[in-house]
1. If I ask for residues that are more than 26 Å from Ala106 (Cβ to Cβ) and without any contact (Cβ under 8 Å) to a residue 24 or more places away in the chain, which ones from the range 176-225 would you list?
2. Can you list residue pairs whose Cβ atoms sit under 8 Å apart, with the first residue in the range 52-72 being among the polar types (S, T, N, Q) and the second being not in a helix (DSSP H, G or I)? Count only pairs 6 or more apart in sequence or on different chains.
3. Pull up the range 180-196, narrow it to residues that are crowded, with 17+ Cβ neighbours inside 10 Å and under 25 Å from the mean Cα position of the chain (by Cα), then point me to the one that is nearest to Pro208 (Cα to Cα).
4. Just to verify a result, which residue in the range 45-55, among those that are under 19 Å from Lys83 (Cα atoms) and at pLDDT 80 or above, is surrounded by the most Cβ atoms within 10 Å (Cβ to Cβ)?
5. Within 22 Å of Lys83 (Cβ to Cβ) and among the acidic types (Asp, Glu): does that describe Asp33?
6. Filter the range 143-165 down to residues that are closer than 15 Å to Leu104 by Cβ and in a strand (DSSP E or B), then give me how many there are.
7. Can you find even one residue in the range 106-125 that is within 21 Å of the chain's Cα centre (by Cα), closer than 30 Å to Asn143 by Cβ, in a loop (DSSP other than H, G, I, E, B) and modelled with pLDDT of 90 or more?
8. Test Thr4 against the stated conditions and say whether it is modelled with pLDDT of 80 or more, closer than 29 Å to Pro207 by Cα and under 29 Å from the mean Cα position of the chain (by Cα).
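The values are calculated or read from the model by the stated rules, or taken from the named source; none is laboratory data. For clarity, every value in this text was computed on a predicted model and none was experimentally measured. Neighbour counts run over all protein chains shown; Cβ positions are idealised from the backbone, glycine included.
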Amino acid sequence: MKRTILLVTCVAFIGSAFSQSQRPAPKTSALEDTTQYALGVYMMQQLFARTGFVITNPTMFKKGIDDVIQKKKTMIDAANAEKWLLAYQDEFRKEKGRILEQKLFAQAQKTTNYRQLPSGVMYTVVKPGQGRTPSGRDTVVVNFSSQLPDGTVIEDANKSKQSYMILVSEMMPGMRDVILQMQEGAIVRALVPASQAYGAQGNGNVPPYSALVCDIALVNVRPAR
């Protein structure tokens with residue numbers, strides 16, 4: 001609802017900016033009017049959906065639009081606008097990731113099922129194993145599913161039916177910490193903080209600063225030779 005209100009407000013601002021141009025707007029057809037309106041809607045939808053931007057100061061937001069449309073001197077170097085926005089986006093992602101991670105771990109700490117490792121990773125044993133425990137030099141075969149704290153699925157081993165063979169030393173830090181606690185045949189659910197996952201860079205569909213919920217099945221351990 002908040003996003004919808006912001007969108008409508010932004011569209012109204014754009015319309016206002018056009019009406020305040022020094023030259024009177026020429027008469028346009030209904031089709032052209034609708035096209036211009038649709039363009040405004042589309043731009044604002046993309047702005048919010050793709051960047052997470054929130055309009056906290058409508059006056060300054062409107063002024064930025066007006067200055068560009070009316071070709072006035074802008075308050076910042078236009079060449080630096082993208083730099084400002086990227087910095088904002090980075091802070092937004094960091095804060096969003098921090099809040100979601102905090103909620104995820106707070107919920108887990110309310111139960112007695114999770115154990116916490118020194119790295120901050122928490123895990124619970126879904127199915128105990130009875131085989132070999134890997135060392136940091138071994139190769140392991142694992143089935144792996146992961147999702148973001150908000151439930152967005154990144155990878156689903158049940159759908160892909162794919163196992164991975166990987167050196168323990170090449171795993172992301174949080175997953176490596178958990179694997180070293182497991183035995184062959186074990187299945188665990190691990191909560192991996194962003195600092196032990198992909199950090200500020202993110203990875204593919206994993207956003208920067210995002211914690212991960214990982215379901216890990218240790219299928220086989222192949223000792224280093």
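1. The one that is more than 26 Å from Ala106 (Cβ to Cβ) and without any contact (Cβ under 8 Å) to a residue 24 or more places away in the chain: Arg225.
2. Close Cβ pairs (under 8 Å, with a partner that is not in a helix (DSSP H, G or I)) amount to Gln70/Gln20; Gln70/Ser21; Gln70/Gln22.
3. Across the range 180-196, the extreme among qualifying residues is Ala194.
4. Checking each candidate, the answer is Ile55.
5. On the way: within 22 Å of Lys83 (Cβ to Cβ): no; among the acidic types (Asp, Glu): yes.
No; evaluated as a whole, the condition is false for this residue.
6. If we filter the range 143-165 for residues that are closer than 15 Å to Leu104 by Cβ, which is where we start, we get 146-152, 154.
Cutting the leftovers down to in a strand (DSSP E or B) gives us 146-147, 154.
Final tally of qualifying residues: 3.
7. Residues of the range 106-125 within 21 Å of the chain's Cα centre (by Cα): 106-108, 120-122.
Checking which are closer than 30 Å to Asn143 by Cβ leaves us with 106-108, 120-122.
Next, only the ones that are in a loop (DSSP other than H, G, I, E, B) stay: 120-121.
Add one more test, that the residue is modelled with pLDDT of 90 or more, and what stays is 120-121.
Among the residues of the range 106-125, at least one is within 21 Å of the chain's Cα centre (by Cα), closer than 30 Å to Asn143 by Cβ, in a loop (DSSP other than H, G, I, E, B) and modelled with pLDDT of 90 or more, which makes the answer yes.
8. Values: modelled with pLDDT of 80 or more: no; closer than 29 Å to Pro207 by Cα: yes; under 29 Å from the mean Cα position of the chain (by Cα): yes.
Taking the combined requirement at face value, the residue does not satisfy it.
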